[in-house]
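Contents: one structure, followed by commentary.
Just so it is clear, none of the values below were taken in a lab; they were calculated from the coordinates. This structure is a prediction, so every number in the text was calculated from the model and none was measured. Note that each Cβ is placed from the backbone with ideal geometry, even for glycine, and that neighbours are counted across all protein chains shown.
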Amino acid sequence: MKEFHSTRNSNRQDVDPSKPDTIPKFVDELPIPKVLKPEDRKDGYDYYEVEMKAAKHKFHKDFKETLIFGYNGMYPGPTFQTMKGQAVKVKWINNLPFNHFLPVDKTIDGATGNPEVRTVVHLHGANVAPDSDGHPDAWFSRNYKYTGRKYSRQVYEYPNQQQAATLWYHDHALGATRLNIYAGLAGFYFIHDFHEQALPLPKGKYDIPLMIQDKSFNPVF
């Protein structure tokens, strides 16, 4: 699906990302995150592996690429689509650098010590067991070199025994949550059920997820 395209011609030299009134509107296609496919299906579970890594992303056609942290290197992260009752297992893999590209406030609880980049995934709104809920102190670093005091497992289990819902997954590490989400660690997780599918709601290519976030940008030099 494409957004309406403005007839205004953009001149990249006149675009300053730090000044919103210089940024042309409606010149990019509406981005729709890729839907994940299971790596495997066994023992009643759909099994996925998702890698957190640094990547480059263009937020606008007239912007330069900017550094992000992304699930599978994407911003937003890839979308999970599942049905009520279909259990899911996810191995969350941290391949991020040890140091953050955003400034770290060392006065915040949990932000001191090494490494600066620590991650743990929380599926917001899901009914899950405590060890798969993304406790802020269950964080882990690249290659699991460092782990938090509540860290206990690499593979999380989501039973999806709840009604249809639009959920989102995001980083939840103590002292770093705001930085990691701002850097790009967020994505959609949809649970569907037969009651929802019986309703006259948009389906297929017309069921479009929308994520709204504030961003600020440095001037282009």
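Observations
- Per residue, the average separation of C-alpha pairs within less than 8 Å and at least 6 apart gives the chain a relative contact order of 22 percent.
- Expected-Rg normalisation [2.2 N^0.38 Å, Cα atoms] applied to region 34-198: 1.05
- Order of Trp92, Trp139 - criterion: other Cβ atoms within 10 Å of each residue's Cβ, fewest first: Trp92, Trp139
- For Lys42, the lysines whose Cα falls under 21 Å of its own Cα, not counting residues fewer than eight places away in the same chain, are Lys84, Lys89, Lys91.
- Dipole size of region 12-105 about its Cα centre, with +1 on Lys/Arg Cβ and -1 on Asp/Glu Cβ: approximately 220 debye, rounded to the nearest 20.
- Positive end of the dipole of the chain (Cβ unit charges, origin at the Cα centre): among Leu174, Val15, Leu36, the Cα lying farthest that way belongs to Val15.
- Inter-centroid distance (Cα atoms) of region 169-190 relative to region 14-39, Å: 19
- Proximal lysines to Lys61, defined as alpha-carbon separation beneath 19 angstrom and excluding residues fewer than eight positions away on the same chain: Lys2, Lys19, Lys25, Lys215
- Placing +1 on each Lys and Arg Cβ and -1 on each Asp and Glu Cβ, with no other charges, gives the chain a dipole about its Cα centre of roughly 420 debye.
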